[in-house]
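Comments concern the structure below.
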Amino acid sequence: MNTRIAVRALAGIAVVIGTVAAASCTPPKPQRGADLGASQSIKELMQKRSLTEADVQAALETYVPGGKHDEYMIFASGGQSGQVLAIGVPSMRLLKVIGVFTPEPWQGYGYGGEGDKVLEGATQSGHKLTWADVHHPALSEMAGDYDGKYLFVNDKANARVAVIDLADFVTKQIVANPLIAADHGATFVTPNTDYVIETSQYPAPLGRDYAPIEQYKEKYRGLVTFWRFDRALGRIDPSKSWAIELPPYTQDLADAGKLDSDGFAFINSFNTEMATGGDLEGKPPIESGASQNDMDYLHVINWKLAEQLVAQGKTTTIKGMRVLPLQTAAESGVIQLIGEPKSPHGCDVTPDGKEIIVGGKLDTHDTVYNFAKIKGLIDAKRYDGKDAYGIPILAFKDSIRGQIEVGLGPLHSVFDDKGNVYTSIFLDSAVTKWSLKDLKVLDKIPVHYNIGHILAAEGDTVSPDGKYVVAMDKMSIDRFASVGPLYPQNFQLLDVSGDKMRMIFDAPIGIGEPHYAQMIKMDKLHPIKVYPPGTNPYLGKQDPNAVQSGKERIERHGDVVDVYMTAIRSHFTPDRIEVEEGDTVNLHITSLEQAEDQTHGFTVDMYNVNLSLEPGKHENVSFKADVAGVFPFYCTEFCSALHLEMTGYMLVRPKGTPAPSASALASAAPSASAQKK
Ligand code: RUQ
Ligand code: CUA
């Protein structure tokens, strides 16, 4: 370090420390170790660890001591892991990896319990899937504001959408789209979460059918699905959901209108050239074929009008889903197109709903579309022609307020509370801050490296908070210790409260490639701490097989053995289960705990079963005891001093062997206390 800077830094830190001490009027806390509070020791520490003043300031701004809570929570896509990450801000600490599309053993999700039903419902065309390419989480909204109740995410690879209940941070539903093969403009919610929007990415015949690629223009299609969300049930209702057929332009990101533009949705596209590849046959590869035109199309969708047409039955049914045909949509004013500069990607509606910002991957500009202008053109039916599918085109120059040069390869934009926009610049590896009002660049900061998405505190609401922005960097070369050729992604926390953006934390994300994320104020989240006794989280109420203390029992019905079991520190009742080889064993296990954070686990040797029994939770597990032997079961969560003793045996005697202890199979209920000696 340059010595002058070092000296300035050291002087500066003394001031920083002094300010912190002065600002706090609570009595001084006893100090850990030697006099760490003294500026001299801080100086020594800085020198020893080669920290600059800026480093120490950033540390003070992001450090959240144990016992204090973060101000915001990020819900980030877990990318290829198929999960969702919950991360605290400003500490950037990982709080939970929520099992969504991929089995998650710690949460007992996908390992024999009730969560299996969610995953089993998530097949695509009957194929079982154990992963997903998660891209865009969307928090549920009321009047355009996050309400902290639900979270939706998409699986790009298999065209699926998941519903996570933020009451317990558990995935409750996965719906597979029966019409399309990949999605991307998903998930986005309408301002009251009436609908969760899912737009296709790669065009294919609707209904996942076959058609030769030579018939691309005639038979291949895009699609936007409006999944109806039933708030009372906390589930998507496929029977009330519907879709609009789109032309075979590769639809990309989407956003829902709000306030002024409520009732509309905006969807980007690329490859309006409709290139289909064929590089082995000497045709241009898709990527260059798709980059011939100067303009692609922004799709402007009047979904409220579409909803009326759907209600009037103007739909066809494909694979059980109501679809508004492209021709009907084009002729009725449901859909119109506007040119978009080269290879658009991000599509972000401003907090007031008045404008839509689109970044072009092969461009240096953000383009600001103005909804009032667009609406004026639509209402006056002032079209600039039609595309090959009869969709009206609105003139680009009459639809925009302007363009702003932000850097090479702008992708996505988010907003603060002062009318500023933050655009991620992929090729430049930077974030550009600019003023929406006068389209002027205010600041630019390098990020490390190749930023994809960007997210902001309450960023997609009608009232963003400012304060924090996170750069979601695709690459992290040189930022962290090496962990082999697959590098972690990098979330970089930016303080955006001042005029200049400041980088205050690098957080490696080592579980997948997160695409998008949203950040919600922590005080909007009100998760439960324990389940009411006997709750099946997937039913949202008491399980019909919930077991009460003293009612534990084993019932045999032919070759089916039902075990009604309870778990409480530090025993399972019953702790001995005796069955015959070939029996079907149904375990019904209720945690009798009601104390916070007193979770038990349950596993039984060989059956690939692991349950998480949080306080009050009930689980049902079923398997065929097809191998004779002795199978210990035990609690997999270190719950108490006698955790290792929280165990029992399942004895599977060879077929035809008489039961040695008939009492273990008695249907009378031995009481919990009688079982304990
Ligand atoms: S993507 S890096 Cu949202 Cu899937 Cu833009
Ligand atoms: Cu219960 Cu360990």
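As a summary of the residue check, Glu578 satisfies the conditions (1) surrounded by fewer than 17 Cβ atoms within 10 Å (Cβ to Cβ); (2) over 21 Å from Asp168 (Cα atoms) except for the one numbered (1). Specify the residue that is farthest from ligand 2 (Cβ to nearest atom); the eligible residues are those in segment 512-560 that are assigned to a loop (DSSP other than H, G, I, E, B) and among the aliphatic types (A, V, I, L, M). Here the residue is Leu525. Annotation note: Cβ proximity below 7 Å between a residue of segment 203-231 that is farther than 21 Å from Trp242 by Cβ and a residue that is of a type in the set (S, T, N, Q) (sequence gap 6+ or interchain) occurs for Ile213/Thr276; Tyr216/Thr276. Would you call Lys474 more than 15 Å from ligand 1 (Cβ to nearest atom) and either outside the structural domain of Tyr369 (by TED's automatic domain parsing) or surrounded by fewer than 24 Cβ atoms within 10 Å (Cβ to Cβ) (or both)? So Lys474 does not fit the description; no. Determine, yes or no, whether Ala275 is in a strand (DSSP E or B) and not hydroxyl-bearing (Ser, Thr, Tyr). For Ala275, the condition - in a strand (DSSP E or B) and not hydroxyl-bearing (Ser, Thr, Tyr) - is not met. Looking across segment 572-592, just one residue is within 12 Å of ligand 2 (Cβ to nearest atom) and touching a Lys or Arg at 6+ places or on another chain (Cβ under 7 Å), and that is Ser591. When Tyr210, Tyr249, Tyr216 are screened for being within 15 Å of Asn271 (Cα to Cα), more than 27 Å from the chain's Cα centre (by Cα), in the same structural domain as Pro344 (by TED's automatic domain parsing) and at pLDDT 95 or above, only Tyr216 passes.
For segment 592-644, name all the residues that are in a loop (DSSP other than H, G, I, E, B), aliphatic (A, V, I, L, M) and under 20 Å from Arg576 (Cα atoms). Leu592, Met606, Ala625, Val627, Ala628, Leu642 - these are the residues of segment 592-644 that are in a loop (DSSP other than H, G, I, E, B), aliphatic (A, V, I, L, M) and under 20 Å from Arg576 (Cα atoms).
Condition check for Gly484 on (1) farther than 18 Å from Ile74 by Cβ; (2) touching a Ser or Thr at 6+ places or on another chain (Cβ under 8 Å): one failure, at (2). Checked against the criterion of being of a type in the set (A, V, I, L, M), assigned by TED's automatic domain parsing to the domain that holds Ala265 and more than 18 Å from Val310 (Cβ to Cβ), segment 229-239 contains one or more residues that satisfy it.
Tallying residues that are acidic (Asp, Glu) and crowded, with 17+ Cβ neighbours inside 10 Å within segment 225-240 yields 0. Among the conditions (1) of a type outside the set (Asp, Glu); (2) over 23 Å from Gln489 (Cβ atoms); (3) within 13 Å of ligand 1 (Cβ to nearest atom), the only one that Phe426 does not satisfy is (2). One residue alone among Glu596, Glu552, Glu578 is in contact (Cβ under 8 Å) with a residue 60 or more places away in the chain, closer than 25 Å to Pro105 by Cβ and more than 16 Å from ligand 1 (Cβ to nearest atom), and that residue is Glu596. A single entry from Leu337, Leu309, Leu298 fulfils the requirement of being of a type outside the set (Val, Ile, Thr), part of a helix (DSSP H, G or I) and at pLDDT 95 or above: Leu309. Of the strands (runs of 3 or more DSSP E) lying entirely inside segment 72-148, those containing at least 3 residues that are within 30 Å of Lys258 (Cα to Cα) span 72-77, 84-89, 138-142. Among the residues of segment 371-380, is any within 29 Å of the chain's Cα centre (by Cα), surrounded by 20 or more Cβ atoms within 10 Å (Cβ to Cβ) and within 16 Å of Asp296 (Cβ to Cβ)? So far as segment 371-380 goes, no, none of its residues is within 29 Å of the chain's Cα centre (by Cα), surrounded by 20 or more Cβ atoms within 10 Å (Cβ to Cβ) and within 16 Å of Asp296 (Cβ to Cβ). Looking across segment 621-653, just one residue is more than 16 Å from Asn608 (Cα to Cα), surrounded by fewer than 17 Cβ atoms within 10 Å (Cβ to Cβ) and either within 16 Å of ligand 1 (Cβ to nearest atom) or charged (D, E, K, R) (or both), and that is Glu645. Could you tell me whether segment 271-289 includes any residue that is without any contact (Cβ under 8 Å) to a residue 24 or more places away in the chain, of a type in the set (Ser, Thr, Tyr) and closer than 25 Å to Thr367 by Cα? Yes. Figure legend. Inter-residue proximity from segment 618-632: first residues under 17 Å from Thr657 (Cα atoms) and modelled with pLDDT under 95, second residues surrounded by 13 or more Cβ atoms within 10 Å (Cβ to Cβ) and of a type in the set (Lys, Arg), beta-carbon distance below 7 Å, spacing 6+ or different chains. No pairs are indicated. Whenever a residue of segment 243-262 is touching a residue at least 24 places away in the same chain (Cβ under 8 Å) and farther than 22 Å from Ser413 by Cβ, its partners that are surrounded by fewer than 24 Cβ atoms within 10 Å (Cβ to Cβ) and among the small types (Gly, Ala, Ser), lying with C-beta atoms within less than 8 angstrom and at least six residues away or across chains, give the pairs Pro247/Ala388.
Cβ separations smaller than 6 Å between residues 6+ apart or across chains give no pair from segment 291-306 residues that are without any contact (Cβ under 8 Å) to a residue 60 or more places away in the chain and within 15 Å of Lys386 (Cβ to Cβ) to residues that are of a type in the set (Ser, Thr, Tyr) and in a strand (DSSP E or B). Exactly one residue out of Ile244, Ile180, Ile174 is crowded, with 17+ Cβ neighbours inside 10 Å and closer than 25 Å to Gln518 by Cα: that is Ile174. Looking across segment 561-575, the residues that are part of a strand (DSSP E or B) and closer than 21 Å to Thr599 by Cα come down to Val563, Tyr564, Met565, Thr566, Ala567, Ile568, His571, Phe572, Thr573.
Screening segment 363-420 for strands (runs of 3 or more DSSP E) wholly inside it with 2 or more residues that are under 20 Å from Pro351 (Cα atoms) and polar (S, T, N, Q) returns the ranges 365-370.
The values are calculated or read from the model by the stated rules, or taken from the named source; none is laboratory data. Please read these numbers as outputs of a predicted model, since none were measured by experiment. Here the Cβ is made from the backbone with ideal geometry for all residues, glycine too, and neighbour counts use every protein chain on show.
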